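Note sheet for the following structure.
The values are calculated or read from the model by the stated rules, or taken from the named source; none is laboratory data. None of the values given here were measured: they were computed from a predicted structure. Glycine gets a Cβ as well: all are built from the backbone with ideal geometry, and neighbour counts include every protein chain shown. Surface areas here come from the heavy atoms of the whole protein model, side chains and all, with no ligands, DNA or RNA. Shrake-Rupley method; radii C 1.70, N 1.55, O 1.52, S 1.80 Å.
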Amino acid sequence: MKDKPQTDRKADLRTRLIEAAEAEIAEKGLTGLKARDVTQRAGCALGAIYNAVADLDELVMRVNSRTLQRLGAALAPASGAGGPEAVTLALADAYAVFALENRRLWSALFEHRLPEGLEMPEWHRQEHDVLIARIVAPLHGLRPDLSDAEVRLRVRTLFGAVHGVVHLALQGRLVGVPEPLLRQEVAALVGALTLGAKFARPGGV
């Protein structure tokens, strides 16, 4: 049996490292991620990590890419929930559920910071669009009077509001809502925001 080509071996190594880093983050959180633990779990030498990725930061971004893909898949069914209000509520609920079920991997999406002076690669920046892209259509349905640029700005505001409630709850902050009530309170928030959007457009409801 012939050995695998070098490109295949590198791809296999990268996959093992990404899966190992993903498991480490899921178990310990991003702050607990150590290159030695990742390579040990992946079954390779410590230095092998740099044969597959540039550094630990890239490895985290690759893990975050997988998380974003899973988040996108979790949000997808909400698009068929009905009218703009129902879709927006379903998206927010799916987001809260995903965060509750994948809290450390979800947190890593927002906790990871590149060293000062380095910018997020464009390929990864585009992947983050999944966080807001699905909200554009229902919000445009609620506010057809707004321009595309205005809608995208409101989408960011809406996402920020929902994300803030989810983040504070999962962090266990005193000002956060209790986790058992998180989905209920997210629904109340989004319900109020969508109702306000309907009244704000010309002609009201």
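I need the peptides 83-89, 51-57 ranked by packing, meaning the mean over residues of other C-beta atoms within 10 angstrom, with the highest value on top.
Per-residue mean Cβ counts within 10 Å order the peptides as 83-89, 51-57.
I'd like to compare 170-182, 92-104, 151-163: which one has the highest average count of other Cβ atoms within 10 Å, and what's the full order after that? Walk me through the numbers before you get to the answer.
Numbers: 170-182: 12.4, 92-104: 19.3, 151-163: 16.7.
Sorting 170-182, 92-104, 151-163 by mean packing, highest first, produces 92-104, 151-163, 170-182.
Do you know the relative contact order of the chain, to the nearest whole percent, from alpha carbon pairs under 8 angstrom that are 6+ apart?
Rounded, it is 20 percent for the chain.
Counting pairs of alpha carbon atoms under 8 Å apart in space and at least six apart in sequence, what relative contact order in percent does the stretch 151-205 give?
Working: 24 pairs, mean separation 13.5, N = 55.
So the answer I get is 25 percent.
Out of the total accessible area of the chain (probe 1.4 Å, heavy atoms of protein only), what percent is carbon and sulfur? All intermediate terms of the calculation are to be shown ahead of the outcome.
Working: 6240 of 11350 Å².
Here it works out to 55 percent.
Given C-alpha coordinates of the stretch 88-142, what is the ratio Rg to Rh with the Kirkwood estimate of Rh? Display every interim value, and only then the final one.
Values: Rg = 13.9 Å, Rh = 13.2 Å.
Result for the stretch 88-142 is an Rg/Rh of 1.06.
Can you list, bin by bin at 5 Å, the percent of alpha carbon pairs in the stretch 7-89, starting at 0?
Pair shares across the bins are 3, 15, 22, 19, 11, 8, 7, 7, 5, 3, 0.
Give the Debye-formula value of log10 I(q)/I(0) at each listed q (0.14 Å⁻¹), with one equal scatterer per alpha carbon of the stretch 124-205, two decimals each.
One equal scatterer on each Cα of the stretch 124-205 leads to -0.55.
In the calculated pair distance distribution of the chain, what percentage of Cα-Cα distances lie above 27 Å?
Details: 8587 of 20910 pairs.
I get 41 percent for the Cα pairs in the chain exceeding 27 Å.
Expressed as a rounded percentage, what relative contact order does the stretch 88-205 have, with Cα pairs under 8 Å and six or more residues apart? It would help to have the intermediate numbers written out before the result.
Details: 75 pairs, mean separation 41.3, N = 118.
Dividing the mean separation by the residue count of the stretch 88-205 yields 35 percent.
Leaving out same-chain residues fewer than 8 places away, which aspartates and glutamates sit with a Cα under 18 Å from that of Lys34?
Glu19, Glu22, Glu24, Asp55, Asp57, Glu58, Glu111
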